[in-house]
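The values are calculated or read from the model by the stated rules, or taken from the named source; none is laboratory data. Please read all numbers here as calculations on a predicted model, not as lab measurements. We place every Cβ from the backbone using ideal geometry, glycine too, and count neighbours over all the protein chains shown. Accessible surface is based on the protein model in full, side chains and every heavy atom, while ligands, DNA and RNA are left aside. Shrake-Rupley method; radii C 1.70, N 1.55, O 1.52, S 1.80 Å.
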Amino acid sequence: MRTPVIAGNWKLFKTISEATTMVAELKPLVAGTSHVEIVVAPVFTALSRVADVAAGSNIHVAAQDCYWEEEGAYTGEVAPKLLKDAGCSHVIIGHSERRQYFGETDKTVNRKTRAAITAGLTAIVCVGETLAERESDTTFAVIEAQLTGGLADLSTGSLKQVVIAYEPVWAIGTGKTASDAQAQEVHSFIRSLIARLFDRSTAEAIRILYGGSVKPDNVRGLMSQADIDGALVGGASLKADSFAGIVNFAD
Ligand code: PGA
């Protein structure tokens, strides 16, 4: 049985006090939830304070990006071990906004993923096709290239520290969710690809999250699909009640 992951990606929202208040509000709403790995991803500046507030609860903290070097003359970058030091257990890597606006490539995703794993973090590796790619029937080829490149040279054992997030770019922040069947089709493709790249038991164990306009009222249908193991949530993760409504999808 794969433990579902529900992760909130707060993007460039929330001051430190807004972020800590949100986690303080979320804690009692999800305190009884033991069957879900709950993750929130605030901006870098709020990570350590959010981790303090979440300490001892079932809420884990993720960064939204990292660098691949441990230290050095790399002005402005943050190393995975510093994320651990700030209280993170997870890091999001290769989000489509980073690919679109900040030059992230499959190669940099791979370097960051390997560095995150070495530092002991769980990497939430994001993939997904654009609308033009879907309309030209290249979705599977795009996902295959992103995962083959992004997960290159990883040992099979290290895949235990990887969660994949399938986020069709056309569904992010648009209110247009992939249908349950559209999402399931890609998730199933991803699982068979992981079996091909690694092995069958690794593929069976890996969690594959769906992301793109997930809300409390559509999460159940998505979670009922055989290969959907959770959600990466943007907009609907910013308020405690709506995020808790997604975390508690099974209630
Ligand atoms: P959304 O964002 O839920 O606001 O569509 C998802 C994401 O970008 O991870």
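A cut-off under 11 angstrom between Cβ atoms defines the neighbours of Q225, and their net charge, with Lys, Arg +1 and Asp, Glu -1, is -3. Taking 35 Å as R0, compute the FRET efficiency from the Cβ-Cβ separation of T156 and D251 and round it to 0.05. Efficiency, rounded to the nearest 0.05: 0.50. Distances between placed amide hydrogens fall under 5 Å for K239 paired with no residue 5 or more residues away or on another chain.
Screening the chain for DSSP H helices whose Cα atoms reach 20 Å or more along their own axis and whose mean Kyte hydropathy is at least -0.5 gives 16-30, 180-197.
Cross-link reach is defined here as a Cα-Cα straight distance under 19 Å, omitting same-chain residues fewer than 8 places apart; for K215 the aspartates and glutamates meeting it are E25, E37, E167, D180, D227, D229, D241, D251. Overall, the accessible surface of the stretch 1-80 at a probe of 1.4 angstrom is composed of carbon and sulfur to the extent of 54 percent.
Taking the stretch 62-209 as the region of interest, the number of lysine pairs whose Cα atoms are within less than 19 Å, with members eight or more places apart or on different chains, is 5. Note on the chain: helix-only mean residue ellipticity at 222 nm, from DSSP H runs of 4+ residues weighted -39500 (n - 2.57) and normalised by residue number, equals -11500 deg cm²/dmol. Positive contributions from Lys and Arg (+1) and negative ones from Asp and Glu (-1), summed over other residues with Cβ under 11 Å from the Cβ of V162, come out at +3. In this structure the stretch 1-93 gives 48 Å² per residue of accessible area when probed at 1.4 Å with all protein chains present.
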